[in-house]
Every structure is written in C-alpha cells, then in structure tokens.
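Heads up, the thing below is written out as structure tokens.
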Amino acid sequence: MPPEITACLEPGEEVLWHGKPRPYVFILRGLPNIAFGVTWGVLGAFWYHGAGGIGQYSAFEGWWKLVPLFSIPFILAGFSFFLRPIRLGLQARRTWYLVTNRRVFIAELVPNQSSRLRVFSLAEMAPPHIVKRPFDDLYDVVLTQAAQGNPHLTPRLDSGFFGIRDGNAAAEAINSATNP
C-alpha cells in the first residue's frame, strides 16, 4: 500500500483487507452523462450561433450584444458532463478500499492534498450485500442501509466497494471488523 494510506491508519490499527476498484466500473457509471454533455453543448452552440455571435453582424444593439455570451455556461456545462466519465476513471485510480480491525473506509489519494476518507459508521452500515456484476468477474459490496433499502436505484459510489475482484473476502473482513 502507498505510504499515504498507511499514514491514515491509527496506532494499533491492522489492515484486514484492502483492494482497489477497476476504473472501467467507475467510467461505466458516468457514460449516461455524455448524452447530457452533448445536449447542453449543442444547445449552447446553437444559442451562440442563433444570436449572431459577437461582432459587427450581431443581431443585437447596445448592451444586448452580450446575449450570445449567455450561451457560454451551457457550453461549459456540456464539457463538464462530457468529461465526467474520465474524471470518475481518474478517481478510481486514486481510490483504495480498506477494512481494518477498527473501521471500514474508502480512501481517495488526492495529489497535493491530504487523503479524503469516507469512514462508514456502524449506524449507517447494514450487513454487506454482495452483488456479482454481469459480464465480468467483479463484485460490488454495498454497505449502507440506504443503498440496500432502495433496490431500484443504483447505489452511489460512496455507499460501498465497487468493482473489486474478491467480494466474498471483503464481506468476511467487514463482518469480522464490525462483529468482534
């Protein structure tokens, strides 16, 4: 494990299990955002073009010449939506799942910043729910009661361990850590 992760551990805390998600699992979660990105970007481009752009051929006079610039937030939102899968893939490369003898947490190693920890409390956790992903040999381990209570929605990425190779080993470690 990287030294940034071992620095997150408290004195006397032992790692029972650790793993990393596969980046493509996170990327697949962001693919629907591409459709929104294209929609918002095209909407902004049509707005800019329809308003005549900036210059001597603008359809507006005076301060109304700024109307085409109101399309810029839509274009930027489109790029943001479009790049979401790439950002999720980068997040997956920086993410570690850890189960220790004291706690269960997700650590994200952010460059030039301290590590972001998502520690699961005993109050919010339910017994681990293991889901075998179709089409690959990966597992999702859903931990929070809120995510397990609503089976119609896809759980958020911070509600468990997603895209791991050994889901049963993770669930066993979680059970031994939460049920001493």
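Assorted remarks:
- Residue count for segment 69-84 under the criterion of being surrounded by fewer than 17 Cβ atoms within 10 Å (Cβ to Cβ), within 30 Å of Y24 (Cβ to Cβ) and free of Cβ contacts under 8 Å to residues at least 40 places away in the same chain: the result is 1.
- Matching residues in segment 135-156 - criterion: being among the aliphatic types (A, V, I, L, M) and under 21 Å from L122 (Cβ atoms): V141, V142, L143, A146, A147
Okay, residues lined up against (1) touching a Ser or Thr at 6+ places or on another chain (Cβ under 9 Å); (2) under 12 Å from W17 (Cα atoms); (3) loosely packed, with under 13 Cβ neighbours inside 10 Å:
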{"position": "V131", "(1), (2), (3)": "no, no, no"}
{"position": "L138", "(1), (2), (3)": "no, no, no"}
{"position": "T144", "(1), (2), (3)": "yes, no, no"}
{"position": "L153", "(1), (2), (3)": "no, no, yes"}
{"position": "L157", "(1), (2), (3)": "yes, no, no"}
{"position": "F162", "(1), (2), (3)": "no, no, no"}
{"position": "A171", "(1), (2), (3)": "no, yes, no"}
{"position": "S176", "(1), (2), (3)": "no, yes, no"}
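- Taking every residue in segment 1-25 that is farther than 17 Å from L90 by Cα and pairing it with any residue that is of a type outside the set (S, T, N, Q) and assigned to a helix (DSSP H, G or I), at least 6 positions away or on another chain, the pairs with Cβ-Cβ distances below 7 Å are L16/A173; L16/A177; W17/A169; W17/A170; W17/A173.
- Total residues in segment 1-24, condition in a helix (DSSP H, G or I) and either closer than 18 Å to R103 by Cβ or out of contact with any helix residue (DSSP H, G or I) (no Cβ under 6 Å at 6 or more places or on another chain) (or both): 7
- Scanning segment 5-22 for residues that are touching a strand residue (DSSP E or B) at 6+ places or on another chain (Cβ under 8 Å) and either within 19 Å of V110 (Cα to Cα) or among the hydroxyl-bearing types (S, T, Y) (or both) gives I5, C8, L9, H18, G19, K20, P21, R22.
- Residue in segment 95-111 that is in a loop (DSSP other than H, G, I, E, B), under 23 Å from S176 (Cα atoms) and among the basic types (K, R) present: yes
- Residue in segment 115-126 that is in a helix (DSSP H, G or I) and either in contact with a strand residue (DSSP E or B) (Cβ under 6 Å, 6 or more places away or on another chain) or not polar (S, T, N, Q) (or both) present: no
- Boolean, A147 is assigned to a helix (DSSP H, G or I), among the small types (G, A, S) and closer than 14 Å to I106 by Cα: no
- Checklist (1) surrounded by 14 or more Cβ atoms within 10 Å (Cβ to Cβ); (2) within 15 Å of the chain's Cα centre (by Cα); (3) farther than 30 Å from L43 by Cβ applied to V110, failing item: (1)
- Failed condition for F120, given (1) modelled with pLDDT of 90 or more; (2) among the aromatic types (F, W, Y); (3) within 17 Å of the chain's Cα centre (by Cα): (1)
- Residue within segment 58-74 that is touching a Pro at 6+ places or on another chain (Cβ under 6 Å), at pLDDT below 90 and either over 19 Å from R156 (Cα atoms) or in a helix (DSSP H, G or I) (or both) present: no
The values are calculated or read from the model by the stated rules, or taken from the named source; none is laboratory data. Nothing here was measured: the structure is a model prediction, and the numbers come from that model. Every residue, glycine among them, receives a Cβ derived from its backbone with ideal geometry; neighbour counts consider all protein chains shown.
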